[in-house]
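Colleague: Pasting a structure here, questions to come.
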Amino acid sequence: MMSSKRPSQRPLAILPLLVLACGTGCVNPEGGGKVAGTLGVPGCWTGPFDLKPDFFGAYYHRDNLQLRFQRGSDNQNFSDGVSMHVSDVAKIRASLYGQPLKVGLPPEVTPPNVPIEPRASPPRVSFALYMQSSCKAQTVALYAVEEVTVTSDGSCNADPIPEANPEDGCKGTQAAGVGSGRSLATFHSLYNGDDQASAKDRRIKGCFDIYLADPREAASDGKGPAPLCRGHVRGTFDYFFERGRPAQPFP
């Protein structure tokens, strides 16, 4: 793993959201979705951003669902896309559909020098935006943390989700502007790994309102201000799980 003498550039101890190891069961279905907003990535991207994904994947394992929305079906190391991890799928399916859920880093992932501590209610959803195609000169990944420090420079503005349904629960009709700094996701349907499920139970549908940051910019003692906001994106997704050939890391 790469290392650097500059504290602000040190890698996280674990990067589970960046690498989606597609084994048996990884899929490449057709579907629909949007990921758009505003980013402020030094040396790479400043201003409006629209992923325009056309690849939608899902991988289920032991009550966890890994989602991937990407522009093109190339390997993640050469693409722009979103990786979204959902835990407690059974619980969400049973009683949490339609309810905004907080999004943040998994409890076992912390910035450098910040100890791992037990948490009563860790986020069920994790989210990462990777820009390996647009930012070829550097490795760029931004993560949803539970709260960011919002500035007035415009990098945390986000346009309303195009064609969003107000019932989705992700503020699709809210006017653009700086918001709360706290990330949320709402699900209306999730696949639970049952290959014999009906089309209804193979549907994956939801929306999100995400504030992005580089967790390495958080205070090393874990007690300082939240990391600086590096982007704000909103999105929707709606597609069906289809068993297919696993995505291959090499041609």
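Taken together, the values in this text are just the output of simple stated rules run on the coordinates, not laboratory data. Because the structure is a prediction, the values reported are computed rather than measured. Here the Cβ positions follow ideal geometry from the backbone for every residue, glycine too, while neighbour counts run over all protein chains shown.
Colleague: When the chain is fully extended, how far beyond the present Cα-Cα distance does Glu117 get from Asn77, taking 0.36 nm per residue of separation?
Modeller: Numbers: separation 40, 0.36 × 40 = 14.40 nm, distance 3.10 nm.
Here the segment from Glu117 to Asn77 would lengthen by 11.3 nm.
Colleague: Could you compute the net charge surrounding Asp88? Neighbours are other residues with a C-beta less than 12 Å from the C-beta of Asp88; K and R count +1, D and E count -1.
Modeller: Details: positive: Arg62, Lys91, Arg93, Arg124; negative: Asp63.
Residues close to Asp88 contribute a combined charge of +3.
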